[in-house]
1. Modelled label-to-label distance, residue 141 and residue 42, 7 Å Cα→beta-carbon offset: nm?
2. Could you pull out the pairs from 59/145; 92/113; 80/113; 20/84 whose alpha carbons sit more than 25 Å apart here?
3. Could you list the GluC sites (Glu not before Pro) in segment 74-179 that lie in coil according to DSSP, counting only those with at most 15 other Cβ atoms within 10 Å of their Cβ?
4. Could you tell me which chymotrypsin sites (Phe, Trp or Tyr not before Pro) in segment 124-179 are loop residues by DSSP with no more than 11 other beta carbons within 10 angstrom of their beta carbon?
Amino acid sequence: TDIIRHGDFSGILHSDRYFKETKDAKAVEWYGAYSPNQATTELDEEICHDAAPSMRIAKNPDKDVNEIMQYLDAEGRKLKPNTKYRLSFFLKLQNVEPLVSGGGFTANIWDDKNVWFVGTSSNRAMCGTTSGWIAQHFEFTTGPKTNDGMRSYMLAGLRNATGTVWIDDVRLEELPSED
C-alpha cells in the first residue's frame with residue numbers, strides 16, 4: 001500500500017503554501033515553499049511524467065531551501081518502526097546548479113533519524129539537466145522509534161541550488177518482510 005497521499009499530485013488544489021483536496025479541507029496533503037508573488041512550488045499541468053499534473057519546484061531567490069513535504073503519521077498511512085520501505089518517484093531537472101558544495105535536488109525521509117537519498121557519497125544532491133524523466137527508487141529500514149514523539153515526514157526539493165525540478169508519481173511502499 002502506498003503511504004503517500006496524492007503522490008501523482010492529482011485531485012489537489014494550491015492554497016497559499018498548502019496543497020489540499022479542496023481549498024477549505026482540513027487535511028493538508030503537501031506543504032510547499034511559498035512567498036507572495038514568488039511561488040516556488042506549483043502544480044504543473046504542462047510538464048508531467050504520466051497524467052497531469054506534476055509538482056514544479058523552482059529556486060526562490062529569497063530562500064536556500066525550496067521543497068515539498070508530507071507528514072507520514074496519519075492513521076492507515078503511518079510509517080512503522082523497524083520496517084523496510086521503498087521510496088520511488090520520477091524526476092526531471094533543468095539547469096540545477098549548486099550554490100555551495102552539496103547543493104542540488106535531494107529527497108529525505110525522517111523517521112527517528114534523517115535518511116537522505118539521491119546523489120553520491122560525496123554529493124547527496126542531483127544537479128544538471130535531464131533530457132527526460134528519470135526514475136528514482138531507494139530502499140531503507142525505519143528506526144525503532146519511528147513516530148514515537150516526533151512526526152515522520154518525506155520531503156523533496158532544491159537545497160542551496162538554482163534551477164527547476166519536476167517531481168511526479170511519488171510512492172512510498174512497505175516491502176514484504178524477509179522472515
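What follows is calculated from the coordinates using simple rules that are stated; it is not laboratory data. Note that the structure is a prediction, hence the values are computed from the model and not measured. Note: ideal-geometry Cβ built from the backbone for every residue, glycine included; neighbour counts use all protein chains shown.
1. Computed distance between label sites residue 141 and residue 42 equals 4.4 nm.
2. Violating the 25 Å limit, Cα to Cα: 59/145; 92/113; 20/84.
3. Answer by residue number: 75, 178.
4. none
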